[in-house]
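Before any comments, here is the structure.
Nothing in this text is a laboratory measurement; each read-out follows from the coordinates by a stated rule. Just so it is clear, the structure is predicted and the values come from calculations on it, not from any experiment. Reconstructed Cβ throughout: ideal geometry from the backbone, glycine too, with neighbour counts over all protein chains shown.
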Amino acid sequence: MKEFPNNWQRVHDAPDEAFQDDLTWEAFEQIRLDSWDLLDSVCLVIREEHYDPRGKLYRITEKNYQRAAAAEKHLAKRATEEGAHRFLLVDNAQMLEMTSMDVQQEITDLEDETND
């Protein structure tokens, strides 16, 4: 059996002031969502949901990128593949949810801007 380290002693030894009695799960979740931090070596995280032709979710992948150009290349490749994909893009400033169609539209818009 594999053992996983945990921080029970740290939580056990924490003073009572470290815990709020009236903190609801929704409030805690919102605090965590509003205060995420990525490592300095990570530029962008892409969480990708893969759907089969019937629209059923069959796989979720997540990749970290150190360079924006590599992330853009990955998105462009995935957006043109068969099957539906949904993307959650996370950097230190924002979270953005996109579909394959959204990514293709963004690429088209960028190409139009560079051709003008």
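The phi torsions of region 39-50, fed into the Karplus equation with coefficients 6.51, -1.76 and 1.60 and a -60° offset, translate into couplings of 4, 4, 7, 9, 8, 8, 10, 10, 9, 10, 9, 9 Hz, rounded to whole numbers, with Gly and Pro shown as x. Annotation: aspartates and glutamates with alpha-carbon distance below 18 angstrom to residue 77 (same-chain offsets under eight excluded): 48, 49, 52, 62, 97, 102, 106, 109, 111. How far is the Cα center of region 85-103 from the Cα center of region 1-75, in Å? If you average the Cα positions of each part, the centres end up 15 Å apart. Counting charges near residue 96 (Lys, Arg +1; Asp, Glu -1) among other residues having Cβ under 12 Å from its Cβ returns a value of -2. Backbone amide hydrogens, once placed in the peptide plane, bring residue 43 within less than 5 Å of 65, 66, 67, excluding anything fewer than 5 places away on its chain.
The stretch between residue 74 and residue 54 holds 4.8 nm of extra length on full extension. This uses 0.36 nm per residue minus the Cα-Cα distance.
The slack in the chain from residue 66 to residue 7, taken as 0.36 nm per residue of separation less the alpha-carbon distance, amounts to 18.3 nm. As a length-normalised measure over Cα pairs under 8 Å and 6 or more apart, the relative contact order of the chain settles at 21 percent.
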